[in-house]
Each structure stands twice: as structure tokens, then as C-alpha cells.
Amino acid sequence: MTSTALMNEIDETQRVIDRWYQQTSANLQMNYSSFLTQLRQLEERITGESSTIGFSQQQGDVLMTPSRTGNEDRLLSTPPMSSPPVNRAANFTAGEATRGLFPNPELEGEMRKRPDPKSVVAENSPPQDKNVSCQVLVEFKRKRILQYESPCYVAPGEFVVVGGDRGEDIGLVTHTWVGKELPEDKSWVEGVGKVLRIASVLEVTQLQGVQTELESRAVEVAQEKVQEHALPMRIVDAEYQFDRRKLTFYYQSQHRLDFRNLVRDLYKTFRARIWMEPDTSV
């Protein structure tokens, strides 16, 4: 399949997913509002007073995804510089650059996987008040771990929607704690934004299915672009932000590169902000 045909197929798949996601989100929001109304009516009949139980309307508003502003959308139209400009190494071919990289195929396959809830150890004693705010560690693809604040308790093993780089992302909660006490081994950084809400089943299915497939195709197309630009590097993985407004490519190279032209080409191809991240797993 040619690069043009592959990109047309990816564009069509993205349009179908966007229409499906918008319709499903609207239906879920409508059903959620109807559920809260019925819940309040039921409680009024039982207690004789208007109040909410469990997950209140105010908390629901906190965890719902905030709307974006027009200025934010305009910022998304310009691809950022993803690495400092440096000179390309002289007399250094692409074959020499990629020879011997990633000698362990099993490690490469493992790094491409997203975190599995089955590997998360559940908390022994979660708080009785699930409305208390907490800190969580969220793991993403390639074993990236970021710390976020959540307005209500989220148990380890839950997928959550979090604030990303001018957008939204989904990751797996691996550790939760209440208060200022930190885990002993602090080997992570703070993420951008906060936990917005627990991800729905449909969103998790999309993340693990369609989005993973789009990322695999993105790797193939990006590697073709690398060869067209005659760059001595290898694309080993790709990761879409969940809203697909940002696309990160992980690459390997034995020298620092000037890939500004490649970034511009990838931006035109995928219609998303492009970030080039050196792979440090080897």
C-alpha cells in the first residue's frame, strides 16, 4: 500500500471515529444527566429533602471535561520545534545510524504496549470517604509515569482522563495516596493539569484498539518520511494524545539531528502537533 493510500485510509478512519465519539459522548452525557435526576427524585422520596448521595452533581461537573477556548485551538495550528537545530553529521548514512539499534525485539514489543490493569496492585485500605481529593500516579505508553491531583478518590487500576499538553490524555492509575505523604521512591514528574474524570469503557476500548492501530500505521508512514529525508534515524514507536491533537514519535539515532523539515512534513501528513522524543529504553 502506498503512503498516499495509507494516509487516506487513516484520515477516513479518524473521521469515522470522531463522528462515533461525538455521538457516543453526547448520548452518555444525556444518560448521565437523566440518571442524576432520577437519583435525586428517588432520594427525595426516601428522605423527604432535596440532596444528593455518592457522586454529587457538583463533583460530576468537576470531573467532566472542560471546553476548549478559541485561542487554544489557534495555538494548535502551528507545529512546535521539537528539538534544537543541530548540524547533520557528515558522511553518516541512515544504514550506519540504525545498525545495531534495538537488539532486543522482546523489549521493543514490551515498550509499545500500554499499561495493563492486571499488573496493578489494589490498595489495602481505601478511604471511606471517596469524595476526598488525592494524588495519583498515572502510567502511559512506554512506561511513562506522571503525578496528578484528583478531586475525588480514584482507585489503582482505573483508567482516567487527564489534562494533557493543550488537550486530553488517558492513562492508568497505578498508585493513589491521600494527603502530603509521598511514596518512598519518587522517580516521576508532575503532569500537566489534573484528573478530569474516570475514563468510560468506550474510551478505554478506543484507546486500546483503534488508537493503537493508528499509532502502528503512523510508525510505518513516519519511517517512510525519514527515508525520504535521508535522515540517519529510526522511528521505533508513536503515541497519540487521546484527542489526537498531538502525536509523539520515539526515535533512535547515534547522532543529534536537525529534523525540522521532517517535523513540518509529518505535521502536514498527520494534521497534528508533532513531538520528536529520543528513545532511552536501550
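For the stretch 156-183, enumerate the residues that are more than 22 Å from residue 212 (Cα to Cα) and open to solvent by 40 Å² or more (accessible area, probe 1.4 Å).
Quick first cut of the stretch 156-183, residues more than 22 Å from residue 212 (Cα to Cα) only: 156, 175-183.
Matches in the stretch 156-183: 175, 178, 179, 180, 181, 182.
I'm told residue 114 meets every condition in (1) under 15 Å from the mean Cα position of the chain (by Cα); (2) outside any loop (DSSP other than H, G, I, E, B); (3) charged (D, E, K, R) except one. Can you identify the failing condition by its number?
Residue 114 satisfies every listed condition except (2).
Among the residues of the stretch 131-175, write down those that are within 22 Å of residue 246 (Cα to Cα) and among the hydroxyl-bearing types (Ser, Thr, Tyr).
To start, the set of residues in the stretch 131-175 that are within 22 Å of residue 246 (Cα to Cα) comprises 137-148, 159-173.
Passing the criteria: only 148.
If only one of 108, 149 is among the charged types (D, E, K, R), at pLDDT below 80 and either touching a Lys or Arg at 6+ places or on another chain (Cβ under 7 Å) or closer than 30 Å to residue 230 by Cβ (or both), which one is it?
108
What are the pairs with Cβ atoms under 9 angstrom where one residue, in the stretch 235-261, is assigned by the TED database to the domain that holds residue 218 and free of Cβ contacts under 8 Å to residues at least 60 places away in the same chain and the other, located anywhere, is part of a loop (DSSP other than H, G, I, E, B) and β-branched (Val, Ile, Thr)? Sequence gap at least six, or different chains.
none
Pull up the stretch 252-269, narrow it to residues that are surrounded by 22 or more Cβ atoms within 10 Å (Cβ to Cβ) and at pLDDT 95 or above, then point me to the one that is nearest to residue 219 (Cα to Cα).
Per the criteria, the residue is 266.
The values are calculated or read from the model by the stated rules, or taken from the named source; none is laboratory data. What you are looking at is a predicted structure, and each value in this text was computed from that prediction instead of being measured. As a convention, Cβ positions derive from the backbone with ideal geometry for all residues, glycine included, and neighbour counts pool all protein chains shown. Surface accessibility is based on the protein's heavy atoms, side chains included, excluding ligands, DNA and RNA. Shrake-Rupley method; radii C 1.70, N 1.55, O 1.52, S 1.80 Å.
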